[in-house]
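Asks: Structure incoming, see below.
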Amino acid sequence: MNGPVRDFWLQFRRNRLGMVGLALVLLLAAVALLAPVLAPVDPFRTSRQALLPPMSPGFLLGSDHLGRDVLSGVIWGSRVSLLVGLAAAATATFIGIVVGAVSGFFGGWVDELVMRVSELFQIIPRFVLALIVVSFFGSGLSNLILVIGILSWPQTARIVRSQFLRHRALPYVDSARVLGMKPLRIMFAEILPNVLAPVIVVASLDIAQAILMEASLGFFGLGDPNLRSWGGMLNTAQGFVQRAWWMSVFPGIGISLAVLGFNLLGDGINEATDPRLREG
Amino acid sequence: MPNRGDKTLGRFALGRLVNSIPLVLGVIVVNFLLVSFAPGDPVTALIGDFPAPPEYVERVREQFGLDQPVHERLVRYVVNVARGDLGFSFANRLPVLDLVLERLGRTLVLMIVTVTFATTVGVALGVMAARKPHSAADAAATGIALAGYSIPVFWLGQILVIVFAVWLGLFPAGGMRSVRVTYTGLAALLDRARHMVLPMFALSFRYIAITTRLTRSSLLEVMNSDYILAARARGISERRVLWEHGLRAAALPIITVIGYSFAFIVAGSALVETVFGWPGVGRLMYDSIFTRDYPVMLGILLVVSLSVIVVNLLTDIAYALFDPRVRY
């Protein structure tokens with residue numbers, strides 16, 4: 001490990017909640033990667049043993065109304081959450097960095113336009129907009145990722161913009177200009193590496209938000225119909241809350257722990273990289 | 001917030017109102033874009049996937065100029081929306097605007113009760129946590145805040161139904177009032193309140209988390225300031241320092257965040273209403289997705305976005321009223 005990464009790790013390691021977050025994220029990743037090995041059966045396999053409670057033979061966490069294994073569903077569902085979370089946050093971060101960098105570096109009418117658009121995005125409820133777009137264009141996995149990603153860029157863009165506004169007036173940027181560097185190179189090779197820490201923090205929180213958003217869409221029946229997802233399982237469970245509590249409880253624990261993990265990880269990174277937040 | 005000097009509250013409010021006009025237009029344009037880029041015939045986005053009489057389909061085509069160039073269509077769309085014409089819902093047999101406004105009222109009732117409850121509990125928890133940092137109360141407040149940010153609201157709703165309605169039988173599992181028995185007067189009011197308890201709890205949790213965290217951090221900041229030290233030096237009791245001096249200053253960020261989180265409450269409300277069968281605008285959204293009632297979905301987006309603009313405006317005015325630095 002080289003200098004800055006090592007320094008970061010030494011700081012991060014001291015944060016108990018941050019380490020819990022990291023552990024939860026690693027657990028989620030392990031379950032998602034090993035789903036084919038860990039899941040007892042195919043999560044779509046139906047059987048005549050419908051609505052069995054947990055601890056029934058062959059159904060550790062019970063079965064749903066079609067006799068599908070809840071445990072296998074929860075294990076495979078981790079893949080959807082992790083994939084959508086990572087890919088949507090990556091999309092949002094990419095758009096946010098480009099838009100924020102251009103806006104903060106050049107200023108002027110570009111900046112004005114970007115700020116107005118991001119204000120608009122704050123006003124229009126993201127979830128309602130996502131519901132409409134997904135029900136217009138279909139709820140396949142790539143659509144979900146794109147829609148959630150495109151609706152989540154403004155926060156990253158605002159942070160990148162404010163950092164660029166500050167940095168473009170600093171001496172090192174002036175000297176890069178004097179050396180005749182092109183604006184694009186100054187923006188992405190000189191300034192960007194210096195402002196990455198808060199971007200990574202927002203990205204981690206974005207993953208958590210994207211997981212929640214995907215689960216919410218799934219709960220509204222707008223998940224990928226070809227995949228078992230936690231939100232989709234809770235959509236089905238809604239019809240059986242009176243009879244089969246296990247159909248609700250376990251997928252929800254999955255969502256909560258995944259979201260908690262990325263939230264704690266983001267907070268931990270924030271505290272480790274922002275000297276003002278360090279304690280003692 | 002910039003220093004507004006000697007501006008009056010009226011002029012300030014007017015200024016904010018003028019500032020929101022581009023946002024209102026922006027919201028309408030986003031809706032227009034959704035209609036225009038919807039797959040298939042744009043008339044479907046204006047009518048919904050419901051067998052409508054052919055005369056009506058032709059009239060909508062004519063009214064929105066669907067055979068005209070884009071700029072012409074945009075102008076017609078803005079004019080129609082400005083006249084309050086958001087189309088007709090064939091699935092509900094009602095004009096979209098009437099339908100959405102009727103449902104929005106029921107959602108607002110739930111939201112107002114929720115925000116009141118969540119603010120009270122959140123501020124109380126935040127004060128407890130800030131009085132003794134790193135104590136057990138502080139740890140509990142942090143725990144609640146973390147859970148509030150991570151637990152999906154609709155799942156919390158299901159768990160509340162399972163525990164308090166199905167297992168314990170303390171509260172009804174859903175609906176806005178009892179259907180089998182008709183209550184009148186006070187009994188009817190109590191019946192409604194009983195139906196509201198569980199959805200309110202589910203929807204509150206996240207806002208309790210937000211207000212707890214915010215109250216704690218702003219109080220900690222305020223309580224370390226010089227004027228609090230001065231108040232203590234004057235011998236004012238610790239309780240009065242906290243409630244009268246500390247909390248008054250901490251109220252400003254709390255007002256702002258509650259006002260500006262309206263858009264998020266709407267999303268939460270849509271999910272909670274679906275769990276509890278609360279007949280508000282969120283439940284309407286859920287139903288419209290299944291009937292493919294596009295004009296209703298777009299109408300909800302428009303009405304809700306405009307309400308967010310109004311609430312943000314009111315929040316700014318409330319902020320100006322509370323801010324001791326502003327004179328009128």
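Asks: Please state which one of B:ASP191, B:ASP226 is among the charged types (D, E, K, R) and open to solvent by less than 40 Å² (accessible area, probe 1.4 Å).
Replies: B:ASP191
Asks: Within segment B:168-183, is even one residue assigned to a helix (DSSP H, G or I) and of a type in the set (Gly, Ala, Ser)?
Replies: No: segment B:168-183 contains no residue that is assigned to a helix (DSSP H, G or I) and of a type in the set (Gly, Ala, Ser).
Asks: Consider A:PHE106 against the criteria (1) within 14 Å of chain B (Cβ to nearest Cβ); (2) open to solvent by 60 Å² or more (accessible area, probe 1.4 Å): it satisfies all of them except one. Which criterion is unmet?
Replies: (1)
Asks: Take the residues in segment A:258-280 that are surrounded by fewer than 19 Cβ atoms within 10 Å (Cβ to Cβ) and assigned to a helix (DSSP H, G or I), then tell me which one is modelled with the lowest pLDDT. Talk me through it step by step, then tell me what you get.
Replies: Step one: of segment A:258-280, the residues surrounded by fewer than 19 Cβ atoms within 10 Å (Cβ to Cβ) are A:274-280.
Still in the running and assigned to a helix (DSSP H, G or I): A:275-277.
On the way: A:PRO275: 72, A:ARG276: 71, A:LEU277: 68.
Result: A:LEU277.
Asks: Here is a further query. Hey, among the residues in segment A:11-39 that are assigned to a loop (DSSP other than H, G, I, E, B) and in contact with a helix residue (DSSP H, G or I) (Cβ under 7 Å, 6 or more places away or on another chain), which one's surrounded by the fewest Cβ atoms within 10 Å (Cβ to Cβ)?
Replies: My answer is A:ALA39.
Asks: Given the residues A:ILE97, A:ILE148, which is the only one that is crowded, with 18+ Cβ neighbours inside 10 Å, closer than 22 Å to B:VAL272 by Cβ, among the β-branched types (Val, Ile, Thr) and more than 9 Å from every other protein chain (Cβ to nearest Cβ)?
Replies: A:ILE148
Asks: A follow-up question, please. Of B:ILE255, B:ILE228, which residue is of a type in the set (Val, Ile, Thr), out of contact with any Ser or Thr (no Cβ under 8 Å at 6 or more places or on another chain) and within 21 Å of B:VAL123 (Cα to Cα)?
Replies: B:ILE228
Asks: Condition first: at the interface with chain B (Cβ under 9 Å from one of its Cβ atoms) and assigned to a loop (DSSP other than H, G, I, E, B). Now tell me which residues in segment A:200-257 satisfy that.
Replies: Those that are at the interface with chain B (Cβ under 9 Å from one of its Cβ atoms) and assigned to a loop (DSSP other than H, G, I, E, B): A:PHE220, A:GLY221, A:LEU222, A:VAL241, A:GLN242, A:ARG243.
Asks: Go through (1) within 14 Å of another protein chain (Cβ to nearest Cβ); (2) open to solvent by 30 Å² or more (accessible area, probe 1.4 Å); (3) in a helix (DSSP H, G or I); (4) not β-branched (Val, Ile, Thr) for B:GLU102 and report which single condition fails.
Replies: Answer for B:GLU102: the failing condition is (1).
Asks: Going residue by residue through segment B:141-152, is there one that turns out to be outside any loop (DSSP other than H, G, I, E, B) and aromatic (Phe, Trp, Tyr)?
Replies: Yes: one or more hits.
Asks: Wholly within segment B:239-328, which helices (runs of 4 or more DSSP H) include no fewer than the required count, namely at least 3 residues that are more than 8 Å from chain A (Cβ to nearest Cβ) and crowded, with 23+ Cβ neighbours inside 10 Å?
Replies: Those helices (runs of 4 or more DSSP H) span B:262-276, B:281-291, B:294-322.
Asks: I want to confirm something. Restricting to segment A:151-166 and keeping residues that are away from chain B (no Cβ under 14 Å) and among the small types (Gly, Ala, Ser), which single residue is farthest from A:GLY85 (Cα to Cα)?
Replies: Among those that are away from chain B (no Cβ under 14 Å) and among the small types (Gly, Ala, Ser), it is A:SER162.
Residue-by-condition table, conditions (1) in contact with an Asp or Glu (Cβ under 6 Å, 6 or more places away or on another chain); (2) of a type in the set (Gly, Ala, Ser); (3) closer than 17 Å to A:ALA92 by Cα:
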{"residue": "A:LEU146", "(1), (2), (3)": "no, no, yes"}
{"residue": "A:GLY149", "(1), (2), (3)": "no, yes, yes"}
{"residue": "A:TRP153", "(1), (2), (3)": "no, no, yes"}
{"residue": "A:ARG158", "(1), (2), (3)": "no, no, yes"}
{"residue": "A:PHE164", "(1), (2), (3)": "no, no, no"}
{"residue": "A:ALA169", "(1), (2), (3)": "no, yes, no"}
{"residue": "A:SER175", "(1), (2), (3)": "no, yes, no"}
{"residue": "A:MET181", "(1), (2), (3)": "no, no, no"}
{"residue": "A:GLU190", "(1), (2), (3)": "no, no, no"}
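The values are calculated or read from the model by the stated rules, or taken from the named source; none is laboratory data. Quick caveat, the model's predicted, so the values are computed rather than measured. Virtual Cβ from ideal backbone geometry, glycine too; neighbours counted across all protein chains shown. Ligands, DNA and RNA are excluded from the accessible area calculation, which covers all protein heavy atoms including side chains. Shrake-Rupley method; radii C 1.70, N 1.55, O 1.52, S 1.80 Å.
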